[in-house]
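The values are calculated or read from the model by the stated rules, or taken from the named source; none is laboratory data. As the structure is a prediction and not an experimental result, all values here were calculated from the model. Neighbour counts run over all protein chains shown; Cβ positions are idealised from the backbone, glycine included.
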Amino acid sequence: MDSITQALLGATVQASMLGRWQGRKALLYGAVLGTLPDLDVVIDYGDAIADMTYHRGFSHSLFVLSTLAVVLAWLARRIRPDPAYSGMRLFLTVWLVLVTHVLLDAFTSYGTQLFWPLATPPVAWSSVFIIDPLYSIPLLLVVLVGAIAGLKGRSPRLAGVALALSTAYLGFTLTGKQMAEQRVETVMAEQDIQASQIFSTPTPFNSLLWRVIVIGDDRYHEALVSWFDDRPPELVAIPRGKRLAAVLSESPQHARLQWFTGGVLRYDEVAGQLLVTDVRLGMTGFHPFRFALAERNSADWRLIPFVDRLPAERGDMSRLKQIWQRIWHQQPGLPLAEWAAELNRR
């Protein structure tokens, strides 16, 4: 999730556990601690794909953070002991602030390596967009009230209610994800569409309209599904270019990218370069992670040893307005095939 939401979550967790003793300082301590796992973004791992796929690695490991919680709690108890609460309560507070950060990240589509250093694929439950105001607002209200009215000597009930509401909202998003996939699977069965996998994710800034990606060999299908739809979703076929992947059989960057994304990739040849796009993230035609992995030299392809991330557009307000309108109205549908084709025209 975005850094502001992670800071709000950390502050709310710390307020619920230690706010009655630490007062407003609990908000500050929790906010700082809640953003700690994301400091790995300052590390240069070598190239753009390494930076992408090693982010949310060791710094988001449940094993690493549990050990760190022990160390931080011990240091805090040794340097500045407070007899008002136990060392175990302090440890649980630090541990919860750190662990809730990475568990929340796992609800997004990016991929979080919760079990590093085990070589398991990243966890991406993919039920929350990276910025979701409905999740963040209860936490923001608690932080504002706590900062204004104070926390010392007060019941942590308000913080507990906010955490319960935000957690319940996560449950709602998982229900929406299941709803969207089930509706698409029904259409797939009717149209005899075969797929190697299905990936679903909410559209930007909401959890009411879902983007479902059905991965095939030469093409993939995309569908938009809203809670308010009264007709079956339309599956739009989009070229995938999977045959180009054979060029990358010896590319370690491509192997790493496949592992990280679960193979939800698109391949395009543009201006003599082989471009690989992570289509999980962003919105149709607007994907933030796109890489040139090979270039054509006459009839032959040559792997690019040092990979950069290509510049990406974020879309515009008119597109966002169309997406918002699609939540409430199934027709007219959004021009997904046209948006996907525009990716190679920029």
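Which residues, taken from region 331-346, are surrounded by 16 or more Cβ atoms within 10 Å (Cβ to Cβ) and of a type outside the set (Phe, Trp, Tyr)?
Residues satisfying the conditions are 334, 336, 340, 343.
Does any residue in region 296-310 that is touching a residue at least 60 places away in the same chain (Cβ under 8 Å) come within less than 7 Å, Cβ to Cβ, of a residue that is acidic (Asp, Glu) and surrounded by 14 or more Cβ atoms within 10 Å (Cβ to Cβ) six or more places away or on a different chain, and which pairs are these?
From residues that are touching a residue at least 60 places away in the same chain (Cβ under 8 Å), the pairs are 306/47; 307/47.
Name the one entry in 294, 341, 312 that is at pLDDT 95 or above and among the small types (Gly, Ala, Ser).
Sole residue among the options that is at pLDDT 95 or above and among the small types (Gly, Ala, Ser): 294.
Considering only residues that are assigned to a helix (DSSP H, G or I) and either on the phi > 0 side of the Ramachandran plot or not β-branched (Val, Ile, Thr) (or both), which ones fall in region 148-165?
149, 157, 158, 159, 160, 162, 163, 164, 165, listed by residue number.
Got a number for residues in region 202-255 being part of a strand (DSSP E or B), of a type in the set (S, T, N, Q) and in contact with an Asp or Glu (Cβ under 9 Å, 6 or more places away or on another chain)?
0
Looking only at residues in region 293-325 that are among the polar types (S, T, N, Q) and surrounded by 11 or more Cβ atoms within 10 Å (Cβ to Cβ), which one is nearest to residue 44 (Cα to Cα)?
Among those that are among the polar types (S, T, N, Q) and surrounded by 11 or more Cβ atoms within 10 Å (Cβ to Cβ), it is 322.
Tell me which residues, restricted to region 17-49, are more than 25 Å from residue 129 (Cβ to Cβ), small (Gly, Ala, Ser) and either part of a helix (DSSP H, G or I) or at pLDDT 95 or above (or both).
19, 23, 26
Quick test of your reading of the structure: residue 48 fulfils all but one of (1) surrounded by fewer than 19 Cβ atoms within 10 Å (Cβ to Cβ); (2) over 30 Å from residue 207 (Cα atoms). Name the failing condition by number.
Of (1) surrounded by fewer than 19 Cβ atoms within 10 Å (Cβ to Cβ); (2) over 30 Å from residue 207 (Cα atoms), only one is false for residue 48: (2).
Which of the residues that make up region 70-121 are of a type in the set (Gly, Ala, Ser), farther than 30 Å from residue 203 by Cα and part of a helix (DSSP H, G or I)?
73, 76, 87
So, in region 243-265, of the ones that are of a type in the set (D, E, K, R) and out of contact with any Leu (no Cβ under 8 Å at 6 or more places or on another chain), which residue ends up surrounded by the fewest Cβ atoms within 10 Å (Cβ to Cβ)?
The selected residue is 243.
If only one of 92, 165, 151 is outside the structural domain of residue 12 (by TED's automatic domain parsing), more than 30 Å from residue 258 (Cα to Cα), touching a residue at least 24 places away in the same chain (Cβ under 8 Å) and surrounded by 14 or more Cβ atoms within 10 Å (Cβ to Cβ), which one is it?
Going through 92, 165, 151 in turn, the sole match is 165.
Report whether or not residue 329 is in contact with a helix residue (DSSP H, G or I) (Cβ under 7 Å, 6 or more places away or on another chain) and not hydrophobic (A, V, I, L, M, F, W, C). Spell out the reasoning first.
Details: in contact with a helix residue (DSSP H, G or I) (Cβ under 7 Å, 6 or more places away or on another chain): no; not hydrophobic (A, V, I, L, M, F, W, C): yes.
No; evaluated as a whole, the condition is false for this residue.
Looking at 195, 189 in this structure, which one is surrounded by fewer than 18 Cβ atoms within 10 Å (Cβ to Cβ), part of a loop (DSSP other than H, G, I, E, B), of a type in the set (Gly, Ala, Ser) and free of Cβ contacts under 8 Å to residues at least 40 places away in the same chain? First the steps, then the outcome.
Numbers: 189 fails: part of a loop (DSSP other than H, G, I, E, B).
Exactly one of 195, 189 is surrounded by fewer than 18 Cβ atoms within 10 Å (Cβ to Cβ), part of a loop (DSSP other than H, G, I, E, B), of a type in the set (Gly, Ala, Ser) and free of Cβ contacts under 8 Å to residues at least 40 places away in the same chain, namely 195.
Looking only at region 122-147, how many residues end up being part of a helix (DSSP H, G or I) and either touching an Asp or Glu at 6+ places or on another chain (Cβ under 6 Å) or free of Cβ contacts under 8 Å to residues at least 24 places away in the same chain (or both)?
Result for region 122-147: 4.
Take the conditions surrounded by fewer than 16 Cβ atoms within 10 Å (Cβ to Cβ) and closer than 24 Å to residue 120 by Cα and apply them to residue 328. Does it pass?
Judged against the criteria, residue 328 is not a match.
Taking residue 274 as the residue in question, decide whether it is in contact with a strand residue (DSSP E or B) (Cβ under 7 Å, 6 or more places away or on another chain) and either more than 19 Å from residue 343 (Cβ to Cβ) or surrounded by fewer than 23 Cβ atoms within 10 Å (Cβ to Cβ) (or both). So that I can check it myself, show each step before the final result.
On the way: in contact with a strand residue (DSSP E or B) (Cβ under 7 Å, 6 or more places away or on another chain): yes; either more than 19 Å from residue 343 (Cβ to Cβ) or surrounded by fewer than 23 Cβ atoms within 10 Å (Cβ to Cβ) (or both): no.
When the stated conditions are applied, residue 274 does not pass them.
Among the residues of region 1-39, what is the count of those that are among the basic types (Lys, Arg) and in contact (Cβ under 8 Å) with a residue 60 or more places away in the chain?
At the first step, the residues of region 1-39 found to be among the basic types (Lys, Arg) are 20, 24-25.
Still in the running and in contact (Cβ under 8 Å) with a residue 60 or more places away in the chain: 20, 24.
Final tally of qualifying residues: 2.
Would you check if there is a residue in region 201-210 being aliphatic (A, V, I, L, M) and touching a residue at least 40 places away in the same chain (Cβ under 8 Å)?
Of all residues in region 201-210, those aliphatic (A, V, I, L, M) come to 208-209.
This time we only want the ones that are touching a residue at least 40 places away in the same chain (Cβ under 8 Å), so: 208-209.
Yes, region 201-210 has at least one match.
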